[in-house]
Amino acid sequence: MNSKKNVARAERLQQRIDAGYMSAHFPEVLNIVISMTYNQRGIGKALPRIVNFFPGSYALFRITCLSKDCVDGGFDFTHIITAMIGNRRKVAKGELGCEGNGPSPDHATIDYEVAIQYA
Ligand SMILES: [Zn+2]
């Protein structure tokens, strides 16, 4: 475990605490499901991942990168999700690239589908 990763982890934890709970920010949301296919260059295998957010979850919609060499990477759904909630949109699909400094510029991408249930 290198110290750069520890610092990144501590920062992510602090971001979570700062973000607060989903119920406080979006009381009209029952749950959010992000279904994605994680594609890592060099692995040649697509990994399915599903992440759920509930009212008691932290309102931080950032998915970590699975690449072990990736530094401070991840996929930020904050803008996508806040825009969806603003429009009361239920489903959105798209593709995101990892924001981190990994082994190569586009070492990982995800194809995602976000589904939101409203109260
Ligand atoms: Zn990455």
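The values are calculated or read from the model by the stated rules, or taken from the named source; none is laboratory data. Computed from a predicted structure; not experimentally measured. Positions of Cβ are generated from backbone atoms using ideal geometry, with glycine treated the same way; all protein chains shown enter the neighbour counts.
Below are the figures for this structure:
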{"quantity": "Number of positions in the range 90-102 that are near the ligand (Cβ under 10 Å from one of its atoms) and either of a type in the set (Lys, Arg) or part of a loop (DSSP other than H, G, I, E, B) (or both)", "calculated": "4"}
{"quantity": "Inter-residue pairs, beta-carbon under 7 Å, first surrounded by fewer than 13 Cβ atoms within 10 Å (Cβ to Cβ) and in the range 100-113, second modelled with pLDDT of 75 or more and not in a loop (DSSP other than H, G, I, E, B), 6+ apart", "calculated": "Asp106/Gly97"}
{"quantity": "Filter result for Pro105 (assigned to a loop (DSSP other than H, G, I, E, B), away from the ligand (no atom under 16 Å from the Cβ) and either modelled with pLDDT of 95 or more or not acidic (Asp, Glu) (or both))", "calculated": "no"}
{"quantity": "Matching entry among Ile110, Ile63, Ile32 (being more than 16 Å from the ligand (Cβ to nearest atom) and either of a type in the set (S, T, N, Q) or under 21 Å from Arg16 (Cβ atoms) (or both))", "calculated": "Ile32"}
{"quantity": "Matching residues in the range 67-106 - criterion: being among the polar types (S, T, N, Q) and within 16 Å of the chain's Cα centre (by Cα)", "calculated": "Ser67, Thr78, Thr82"}
{"quantity": "Qualifying residues in the range 34-55 (those that are surrounded by fewer than 13 Cβ atoms within 10 Å (Cβ to Cβ) and out of contact with any strand residue (DSSP E or B) (no Cβ under 6 Å at 6 or more places or on another chain)) - the one farthest from Lys90 (Cα to Cα)", "calculated": "Gly42"}
{"quantity": "Residue within the range 25-41 that is closer than 23 Å to Arg9 by Cβ and outside any strand (DSSP E or B) present", "calculated": "no"}
{"quantity": "Selected residue (criterion: farthest from the chain's Cα centre (by Cα)) from residues of the range 42-66 that are part of a strand (DSSP E or B) and within 19 Å of Glu99 (Cβ to Cβ)", "calculated": "Leu47"}
{"quantity": "Among the residues listed as Arg16, Arg12, the single one being in contact with a strand residue (DSSP E or B) (Cβ under 8 Å, 6 or more places away or on another chain), more than 16 Å from the ligand (Cβ to nearest atom), outside any strand (DSSP E or B) and under 28 Å from Asp106 (Cα atoms)", "calculated": "Arg16"}
{"quantity": "Residue satisfying all of: in the range 67-95; over 14 Å from Ile34 (Cα atoms) and among the acidic types (Asp, Glu); surrounded by the most Cβ atoms within 10 Å (Cβ to Cβ) among these", "calculated": "Asp72"}
